[in-house]
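What follows is one structure encoded as structure tokens, with my remarks underneath.
The values are calculated or read from the model by the stated rules, or taken from the named source; none is laboratory data. These numbers come from a predicted model, not from an experiment. FYI the Cβ positions are ideal-geometry reconstructions off the backbone, even for glycines, and counts take in every protein chain you see. These area figures cover heavy atoms from the full protein model, side chains too; ligands, DNA and RNA do not enter into them. Shrake-Rupley method; radii C 1.70, N 1.55, O 1.52, S 1.80 Å.
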Amino acid sequence: MNDLRDLALWRQFAAVAGCAVVAVVAVPAFGSDFVIAFGFQFVTWIVLALSWGLFSGNTGYASFGHGVFFGIGTYAAAAVFRHSDAPFVVALLVAGLAAGALALVVGLAVFASSRFSGDLFGLITLAMAFIVVTVVSNVAFLDGGTGVFVREHVVGSWAGSSTRHLFVIAVGLAVLTAGVAIATSSTRWGAALRSIRDDEQVAESLGVPTYRYKVLTFVVSAALAGLAGAPQAIYLGYVEVGAVFSLNIPLLVIMMTILGGITRWWGPLIGAASVVILREALLDLGSPELSQIILGGALVVVIALLPHGVSGAIPRRWGTRRRTPALEGGAR
Amino acid sequence: MSVSSLALAQTLLNGALLGCLFGSIALGLSVKWGHLGVADFFHLSLTLLGAYLTYSLVTELLWDPFLTLAVTVPAFFVVGVGVQYLFHLIDAQPFTTLLITFALFIVTESVVSMIWSPDLLNLRPLLADGFTTSIRLPDPLPRLAVQPIDLVALVCAALMVGLATYALRSTRAGRAVQAMRQDAAIAETLGVRVLPLTLAVSGLAAATAAVAGMVVSLRMPLTPTLPLQWIGVVVVATMLGGLGRPLGALVAAVVLMMIQNAWSLWFPPQWAPAVTFGVLFLFLALQPLTRLARERITSGRTA
């Protein structure tokens, strides 16, 4: 792949890796427990938002199933901890593989027909959420309705001993996700995905293998969300269907990405930061319902006023305010 | 495990009547999705809101449940018009409208649990006996019984779906809606006033949520998360019935609920929600086959 020799691309990779190193060194060393826990959640949201943007942002196929992939990762990891003494790495891999496998099955089926695009795709991924919830809450191996205590199974391990370690893991996953996101921003892969968003039929007629790209990217995006589920299982300590598969998770992820904008790979980063800070600020209200209302209302306002998100509102080259029509095709 | 035919008949009957309720919820969704291109989650929230408003008016002001429609129907019409006008103002794409209604869905859940508390609220103990005593069916089927409320659901569903189907097929405005669905720009050129028409359709669809909400409040205990339990059946019925076809959605909802209820007789009932989606995926998987069969038939005819 010639695109990977592009210097600007490597500069971005280096910047991300540099930020990650600073975060891994500075936050656990100087931060209080609160800062570390907050940082862990923040980084997890970044992984989710970036991985959602990877598929849904690039292709325009909006998935409501991202919370499901995250939740499956959480439950897969919890099942590994509960039924075996395998180390954390195994749980992490199982989490990613489980989410990726589900996405593979769904993707192969759904993308086979062009009818399931747009809102129909969104609803199918939502239906997937309900089926997965029914399965998980009825299968005793995974949950069976009582919830799973993870904490007692991971007490002795490295990952389970401190939130600092979870933070380091999450940062690692974020670097991985950002790396993939950067790669899609300027390689053939990313260009193919965006051509699907702009006009799938034209892309196909010009020889872009849209089916293969869609399935592949859907799987990668889901697997990344699944990976993020593994440290989340330890962080939560007690895993329960209602919280893990809450509809808020896809809503927040979509909100972060829309707010940040999908026309640049780093848009979701800004979105994740804004939403996490907003949520933290709303905690002081003491009413989860009220903060929910404000968040939902904020999403409506953001969609109405900033269809391209924050990053889309910033001109592509600083100084030139000219906006070419080609850039207008962005957020859908 | 053997199940008596009486139990099966009663279960199927209950399922069919509950399906009527879901069919009347699906009516608004089907019309908005099929004709306005808005896959409206918020319609389910409006139904819930209608149910809670009915509950409050009945318990606190001691209104007759049917009288509450005089308030909720016009109020919901205005809400429906307002939401559609917002979509018009921001020139929303289908996906944007889906997101906005999804956000409103979540907001409404929180609003309801703030105002009415997340606890179960039950209207049934407060109703007159006429509402709650089961009625035995007349002579040929003397051993089956129905709830009066289910009959209300049946009548409401039949009325609303019948009116909507008639209006869409046979009135001038209904034909304009069909034309608009096929090609809005051309319809506008030919004299269809698109904006007032979409606003009116959206308002009417929302108004049906008020009626469905009244039936809901009479039929089941209320919690803010009820729409999550409906969403499967309602959305699947809408899709199976064909977008924009209220009658199809009603029939699909009735069939779905009959299947779901019959399933619970033989298999663990906690799996019943998955049955609905199973039917949907089966239907989707069969699509290529039906298309193949149809093309076979038509090509045979032309050859």
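Across region A:267-295, what is the number of residues that are under 17 Å from A:Ser221 (Cα atoms) and either open to solvent by less than 30 Å² (accessible area, probe 1.4 Å) or at pLDDT below 80 (or both)?
Looking only at that region, the number is 3.
Within region B:97-115, work out how many residues are surrounded by fewer than 17 Cβ atoms within 10 Å (Cβ to Cβ) and more than 9 Å from every other protein chain (Cβ to nearest Cβ).
1
Restricting attention to region B:214-243, report how many residues are within 14 Å of another protein chain (Cβ to nearest Cβ), over 12 Å from the mean Cα position of the chain (by Cα) and among the small types (Gly, Ala, Ser).
Here the count works out to 1.
Please return the ranges of helices (runs of 4 or more DSSP H) entirely within region A:140-203 where 1 or more residues are under 18 Å from the mean Cα position of the chain (by Cα) and more than 21 Å from A:Phe70 (Cα to Cα).
Result: A:163-186.
Return the pairs, sorted by first residue and then second, in which the second residue is open to solvent by 70 Å² or more (accessible area, probe 1.4 Å) and among the β-branched types (Val, Ile, Thr), the first residue lies in region B:150-177 and is without any contact (Cβ under 8 Å) to a residue 40 or more places away in the chain, the beta carbons are less than 6 Å apart, and the residues are 6+ apart or on different chains.
No pair meets every condition.
Do the conditions hold for B:Leu49, that is, is it open to solvent by 10 Å² or more (accessible area, probe 1.4 Å), more than 13 Å from chain A (Cβ to nearest Cβ) and under 21 Å from B:Val233 (Cα atoms)?
yes
Within the set of pairs 6+ apart or on separate chains, which have a first residue in region B:202-224 that is within 16 Å of B:Gly23 (Cα to Cα), a second that is of a type in the set (Lys, Arg) and crowded, with 24+ Cβ neighbours inside 10 Å, and C-beta atoms under 7 Å apart?
Between residues of region B:202-224 that are within 16 Å of B:Gly23 (Cα to Cα) and residues that are of a type in the set (Lys, Arg) and crowded, with 24+ Cβ neighbours inside 10 Å, the close pairs are B:Ala205/B:Lys32.
Which of the residues belonging to region B:51-88 are without any contact (Cβ under 8 Å) to a residue 60 or more places away in the chain, in a helix (DSSP H, G or I) and touching a helix residue (DSSP H, G or I) at 6+ places or on another chain (Cβ under 8 Å)?
Result: B:Leu57, B:Val71, B:Leu86, B:Phe87.
Sort out which residues of region B:245-303 are free of Cβ contacts under 8 Å to residues at least 24 places away in the same chain, at the interface with chain A (Cβ under 9 Å from one of its Cβ atoms), farther than 19 Å from B:Asp150 by Cβ and surrounded by 10 or more Cβ atoms within 10 Å (Cβ to Cβ), and write them in order of number.
Hits for region B:245-303 are B:Gln270, B:Trp271, B:Ala274, B:Gly278, B:Phe281, B:Leu284, B:Ala285, B:Gln287, B:Pro288.
Mind checking whether some residue in region A:95-115 is basic (Lys, Arg), surrounded by fewer than 22 Cβ atoms within 10 Å (Cβ to Cβ) and within 14 Å of another protein chain (Cβ to nearest Cβ)?
Checked region A:95-115: at least one residue is basic (Lys, Arg), surrounded by fewer than 22 Cβ atoms within 10 Å (Cβ to Cβ) and within 14 Å of another protein chain (Cβ to nearest Cβ).
Which count do you get for residues in region B:171-205 that are part of a helix (DSSP H, G or I) and open to solvent by less than 70 Å² (accessible area, probe 1.4 Å)?
Going through region B:171-205 one residue at a time, the tally reaches 21.
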